[in-house]
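Written out below as structure tokens is the structure these notes cover.
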Amino acid sequence: MTTLLTAGLTVGLVTGTAPAARASACSQSYLPLPDPNCQPGAYNPDVTQSTIGSTICTCGWTATVRPPTSYTNPLKVKQIGEYGYSDTSTSDYEEDHLVPLELGGARRRPRICGPNPATGPRPPPARTAWRPS
């Protein structure tokens with residue numbers, strides 16, 4: 001199960017300023033869910049009732065729509081800063097879709113993903129969440 005939370009280059013990447021130095025634009029008060037103003041989620045328009053047989057019900061389909069790390073890593077840096085997380089190490093977060101790709105979530109829109117700490121008190125941390133095999 002993809003954990004709830006959710007582009008381009010960030011101020012931190014462009015200017016060299018650490019993301020934590022920026023003011024928080026997204027609230028942590030919704031955790032473990034993302035701030036709905038920052039990551040409202042979105043659906044993939046290619047997934048409809050008439051296409052589920054060739055999209056989400058096809059083994060391996062999510063691998064064909066999952067965004068590459070070249071897209072998600074800069075987004076992760078930006079959002080870590082927006083949420084004001086004190087831990088700014090990108091390896092400590094996974095970029096999770098609010099609407100999982102497996103359920104027809106949109107693939108490449110900055111407001112659909114959010115940084116989910118890989119460990120810590122927010123249940124469930126990204127690397128301990130149940131995921132189907």
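For Asp87, are the conditions met, namely being under 22 Å from Ala118 (Cα atoms), at pLDDT 85 or above and surrounded by 18 or more Cβ atoms within 10 Å (Cβ to Cβ)? So Asp87 fails the test.
Restricting segment 27-53 to residues that are open to solvent by less than 80 Å² (accessible area, probe 1.4 Å) and among the small types (Gly, Ala, Ser) leaves a set whose member that is modelled with the highest pLDDT is Gly53. If you filter segment 61-84 down to residues that are more than 20 Å from Gly105 (Cβ to Cβ) and of a type in the set (Gly, Ala, Ser), you find that the one that is least open to solvent (accessible area, probe 1.4 Å) is Gly81.
The values are calculated or read from the model by the stated rules, or taken from the named source; none is laboratory data. Computed from a predicted structure; not experimentally measured. Please note: Cβ atoms are built from the backbone with ideal geometry, for glycine as well, and neighbour counts cover all protein chains shown. Each accessible area value is taken on the protein alone, full model and side chains, heavy atoms only, with ligands, DNA and RNA left out. Shrake-Rupley method; radii C 1.70, N 1.55, O 1.52, S 1.80 Å.
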